[in-house]
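Novice: Starting off with a structure, shown below.
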Amino acid sequence: MNFFDFVLQYWPRVVSGTGVTVAQFILATILGVAIALSMGLMKLSSSKLVRASAITYIEIFRGTSLLVQLYWIFFVLPLFGVTIDKFTAGYVAVGMNIGAYGAELVRGGILSVAKGQWEAALAINMTPAQRMRRIILPQALVNMLPPWGNLMIELLKGTALVSLISVADLMFETKQINSSTFLSAQAFGIALAIYYVLARFMVTPFMRWLEDYMARKMGRA
């Protein structure tokens with residue numbers, strides 16, 4: 001079977017798997033950003049208990065394998081009475097893992113804001129929440145967006161692991177096609193190309209647009 005015949009026969013499954021991969025990526029991104037922001041702020045808290053909680057979370061999820069975390073969420077949690085369907089378990093595991101890495105980017109971005117900005121916000125009698133929301137976070141976001149772009153690409157590649165708990169994403173469909181046809185070059189070649197296209201023409205342009213938008217908004221363009 002030549003390449004074009006292969007694509008013609010299996011494109012519906014490839015498209016279906018790509019759709020699941022994109023859904024996993026988007027949901028994991030939303031969860032990961034929320035966790036990163038929460039844990040990053042918690043790590044900067046003056047409360048030792050809050051700070052310790054954030055450090056514990058970050059160290060556990062950065063220090064262990066994403067694959068092990070995925071298996072724990074899907075296979076081990078049911079032993080404790082917490083059952084999560086495979087689709088949800090997939091993006092939750094990826095999102096929680098990326099959130100731990102993103103928390104350090106959030107913390108670093110906040111600490112990179114000039115001390116004078118903190119003092120100015122304090123001088124006009126802003127509350128801590130107002131200072132963070134209106135002065136510090138917008139500037140920190142501009143500083144942290146470039147490394148977040150790399151993290152988003154890592155997140156996209158990390159979604160491939162959800163195929164190991166039978167989520168019918170692009171990698172799962174590719175492995176199923178390969179096991180029935182043994183046309184490894186065609187099957188994995190298409191998967192390779194699709195992951196590249198998603199990273200190069202979806203994630204990267206969006207993150208660059210967001211960087212430019214925030215820079216213009218902050219008057220740095």
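The values are calculated or read from the model by the stated rules, or taken from the named source; none is laboratory data. Note that the coordinates shown come from a computational prediction; the quantities given were computed from them, not determined experimentally. Here Cβ is always computed from backbone atoms with ideal geometry, including for glycine, and neighbour counts include all displayed protein chains. The area values use the complete protein model at the heavy-atom level, side chains included, leaving out ligands, DNA and RNA. Shrake-Rupley method; radii C 1.70, N 1.55, O 1.52, S 1.80 Å.
Novice: At a 1.4 Å probe, what is the % contribution of carbon and sulfur to the accessible area of the stretch 3-217? All intermediate terms of the calculation are to be shown ahead of the outcome.
Specialist: Details: 7780 of 11430 Å².
Heavy-atom surface of the stretch 3-217 belonging to carbon and sulfur, 1.4 Å probe: 68 percent.
Novice: While we're on this one: So if I take the centroid of the Cα atoms in the stretch 82-147 and the same for the stretch 2-69, what is the distance between those two points in Å?
Specialist: Computed from Cα coordinates, the inter-centre distance equals 16 Å.
Novice: Per DSSP H run of n ≥ 4, the term is -39500 (n - 2.57); total these for the chain, divide by its residue number, and report the mean residue ellipticity at 222 nm rounded to 500 deg cm²/dmol. Mind showing how you got there, number by number?
Specialist: Numbers: 9 runs with 161 residues, N = 221.
-24500 deg cm²/dmol, from helical runs alone.
Novice: Also, quick follow-up: When the dipole is taken about the Cα centre of the stretch 3-217, and only Lys, Arg (+1) and Asp, Glu (-1) are charged at their Cβ, what size is it in debye, to the nearest 20?
Specialist: On the way: 17 positive and 10 negative charges, 150 e Å.
My answer is approximately 720 debye.
Novice: Quick check for you: which residues of the stretch 138-156 have the amide N under 16 Å from the point 7 Å beyond the Cα of Asp212 toward its beta carbon?
Specialist: Correct set: 146.
Novice: Tell me, what is the per residue accessible area of the stretch 3-217 in Å², probe radius 1.4 Å? Walk me through the numbers before you get to the answer.
Specialist: Values: 11430 Å² over 215 residues.
Computed with neighbouring chains in place, this is 53 Å² per residue.
Novice: Mind grabbing the base-10 log of I(q)/I(0) for the chain at q = 0.14, 0.15 Å⁻¹? Debye formula, identical points on the C-alpha positions, no solvent, two decimal places.
Specialist: The computed values of log10 I(q)/I(0) come out as -0.93, -1.01.
Novice: Along the principal axes of its C-alpha atoms, what lengths does the stretch 1-127 span, in descending order and rounded to whole Å?
Specialist: Ordered largest first, the stretch 1-127 gives principal extents of 71, 39, 22 Å.
Novice: Can you list the HN-Hα couplings for the stretch 166-173, worked out from phi with the Karplus curve (6.51, -1.76, 1.60; θ = phi - 60°), rounded to whole Hz and with x for Gly and Pro?
Specialist: 6, 6, 7, 8, 4, 5, 4, 5
Novice: Continuing with the same structure: Which of the listed residues, Gly95, Leu70, Pro146, is farthest toward the dipole's positive end in the stretch 70-184, when Lys, Arg count +1 and Asp, Glu count -1 at the beta-carbon?
Specialist: Of the candidates, Pro146 comes out farthest on the positive side.
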